[in-house]
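Working notes, beginning with the structure itself.
The values are calculated or read from the model by the stated rules, or taken from the named source; none is laboratory data. Computed from a prediction, not measured in an experiment: that's the story for all the values here. So basically every Cβ, Gly included, is an ideal-geometry build from the backbone, and we count neighbours across all protein chains shown. These area figures cover heavy atoms from the full protein model, side chains too; ligands, DNA and RNA do not enter into them. Shrake-Rupley method; radii C 1.70, N 1.55, O 1.52, S 1.80 Å.
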Amino acid sequence: MSKPIVFSGIQPTGRKHLGNFIGAIRQFVEDQDRGEPAIFCIVDLHAISVAYDPAELRERLYDTTAILLAAGLDPERCVLFRQGDVHEHTELTWLLGAVTAWGDLNRMHQWKTKREQAESQSGAFVSASLFNYPILMAADVLAYRATEVPVGDDQRQHVELMREIARRFNERFGPTLVEPEHRIPAIGARVMDLQDPTSKMSTTGGSDAGTVYVLDEPDRIRKKLRSAVTDSGREVRRGGPGDGKEGIENLIEILCVARDIDAGQVEAEFEGKGYGDFKAAVGDAVVDFLAPVRERYAALRGDQGELERILAAGAGKARALTAPVLADVRAAMGVGEPRADRRPA
Ligand code: ATP
Ligand code: MG
């Protein structure tokens with residue numbers, strides 16, 4: 001069987017959290033050996049869809065690059081680049097807009113949530129880019145004819161939409177693009193906020209106390225886990241729908257991933273023990289799980305010149321992959337100067 005073409009993006013928010021790490025970054029590291037190629041993009045163009053500061057954006061982009069490298073991405077084994085360096089993404093976004101239904105964009109959960117956030121936070125300005133965000137995300141993936149998209153559960157709907165966009169394009173203009181599959185991890189696809197275990201841990205919208213950052217100091221991590229909201233019961237076990245065990249369930253999943261064990265093992269280990277012992281154990285496990293990343297981060301982040309060199313090399317590789325796809329899309333759509341093979345005699 002041929003190897004998958006893997007593509008995923010991550011926002012340059014700098015403060016990546018445990019949800020990003022478990023739901024996405026952990027997959028990226030493994031995908032370097034599965035994908036041919038495995039392509040990872042730091043999406044500065046997505047980041048400008050909400051209020052931001054240009055100088056800050058650059059800094060946070062370096063932070064995110066250093067976190068990915070510290071987590072184990074190896075620029076020799078994957079294509080790691082900055083979205084804004086590869087113009088094909090923006091060009092394809094416009095072209096795909098022609099086969100994207102306005103009504104589909106209007107149905108996206110993320111649009112609804114982020115629109116509400118923008119309305120309440122940034123002088124009520126809601127940008128058109130926030131609405132068009134899923135077309136850019138479709139362009140990111142379709143520009144490489146990627147077959148697999150490793151993401152957290154919250155991105156399921158966006159991947160469905162890019163499949164629909166590829167399908168509509170191919171129906172209208174002939175077979176050109178590939179419908180990608182999402183790859184959502186079995187455990188840890190939706191790490192919940194520690195203070196509000198009914199919403200996902202998030203860069204925007206969550207509380208600081210409920211969010212464990214990859215670069216948090218060990219004591220801070222332990223404290224956040226110790227203060228995690230649970231329930232008034234005393235059993236460390238998975239619950240059923242609506243029985244209020246979301247907090248404990250979330251901690252069980254986190255421990256499973258951090259220690260690479262399954263939920264049954266966690267339940268057995270903590271049978272008859274209280275929530276206090278359990279939360280302390282999760283805190284220690286998360287500290288050990290993230291420690292190697294934090295230790296490697298400082299040296300990588302310190303050498304901004306090297307980060308720029310890595311990103312530039314990655315952008316070169318990305319452009320070489322996507323330019324032929326863009327040429328096919330333009331030719332199929334009848335846009336721009338005809339290609340040599342389609343020019344009138
Ligand atoms: P924002 O809230 O600004 O959208 P984010 O926390 O979702 O930020 P992103 O950079 O948008 O961070 O997401 C990067 C990847 O992490 C995506 O694949 C996303 O699905 C995944 N992800 C985000 N939050 C979680 C979470 N709580 N659990 C598991 N995966 C997550
Ligand atoms: Mg997100």
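Look at segment 91-113: where a residue is closer than 30 Å to residue 323 by Cα and a partner is open to solvent by less than 20 Å² (accessible area, probe 1.4 Å) and outside any helix (DSSP H, G or I), sitting 6+ places away or on another chain with Cβ atoms under 8 Å, you get 92/143.
Just to verify a result, which residue in segment 315-345, among those that are among the charged types (D, E, K, R) and open to solvent by 70 Å² or more (accessible area, probe 1.4 Å), is nearest to residue 83 (Cα to Cα)? Within segment 315-345, the match that is nearest to residue 83 (Cα to Cα) is 319. For segment 262-272, indicate whether the set of residues that are at pLDDT 95 or above, in a helix (DSSP H, G or I) and buried (at least 18 other Cβ atoms within 10 Å of the Cβ) is non-empty. The answer is yes, given that some residue of segment 262-272 is at pLDDT 95 or above, in a helix (DSSP H, G or I) and buried (at least 18 other Cβ atoms within 10 Å of the Cβ).
The single condition among (1) surrounded by fewer than 14 Cβ atoms within 10 Å (Cβ to Cβ); (2) more than 30 Å from residue 143 (Cα to Cα) that residue 287 does not meet is (1). A residue that is part of a helix (DSSP H, G or I) and surrounded by 16 or more Cβ atoms within 10 Å (Cβ to Cβ) occurs somewhere in segment 170-192. Across segment 146-169, the number of residues qualifying as assigned to a helix (DSSP H, G or I) and open to solvent by 30 Å² or more (accessible area, probe 1.4 Å) comes to 9.
Of all the residues in segment 183-205, those that are within 16 Å of ligand 2 (Cβ to nearest atom) and either without any contact (Cβ under 8 Å) to a residue 24 or more places away in the chain or basic (Lys, Arg) (or both) number 4. Is at least one residue of segment 120-131 at pLDDT below 95 and outside any loop (DSSP other than H, G, I, E, B)? Checked segment 120-131: at least one residue is at pLDDT below 95 and outside any loop (DSSP other than H, G, I, E, B). Picking from residues in segment 1-22 that are over 20 Å from residue 179 (Cα atoms) and at pLDDT below 95, the one that is nearest to ligand 1 (Cβ to nearest atom) is 13. Which is touching a His at 6+ places or on another chain (Cβ under 6 Å) and modelled with pLDDT of 95 or more, of 141, 149, 178? Only one candidate passes the filter, namely 149. Considering (1) more than 21 Å from residue 82 (Cβ to Cβ); (2) in contact with a strand residue (DSSP E or B) (Cβ under 6 Å, 6 or more places away or on another chain); (3) within 16 Å of ligand 2 (Cβ to nearest atom), the lone condition that residue 149 does not fulfil carries the number (1). Filtering segment 96-145 to residues that are within 16 Å of ligand 1 (Cβ to nearest atom), surrounded by 15 or more Cβ atoms within 10 Å (Cβ to Cβ) and of a type in the set (D, E, K, R) leaves 114, 115, 140. Selection of segment 200-219 for residues being more than 9 Å from ligand 1 (Cβ to nearest atom), open to solvent by 40 Å² or more (accessible area, probe 1.4 Å) and in a loop (DSSP other than H, G, I, E, B) yields 207, 208, 209, 215, 217. Listed by first and then second residue, the pairs linking a residue in segment 34-45 that is over 17 Å from residue 183 (Cα atoms) to a residue that is of a type in the set (Gly, Ala, Ser) and modelled with pLDDT of 95 or more, with Cβ atoms under 6 Å apart and 6 or more places separating them unless they lie on different chains, are 43/9; 44/84; 45/84. Being open to solvent by 30 Å² or more (accessible area, probe 1.4 Å) and at pLDDT below 95 is the requirement here; does residue 305 meet it? No, not satisfied.
Of all the criteria given as (1) out of contact with any His (no Cβ under 8 Å at 6 or more places or on another chain); (2) modelled with pLDDT of 95 or more; (3) within 16 Å of ligand 1 (Cβ to nearest atom), the one not satisfied by residue 169 is (3).
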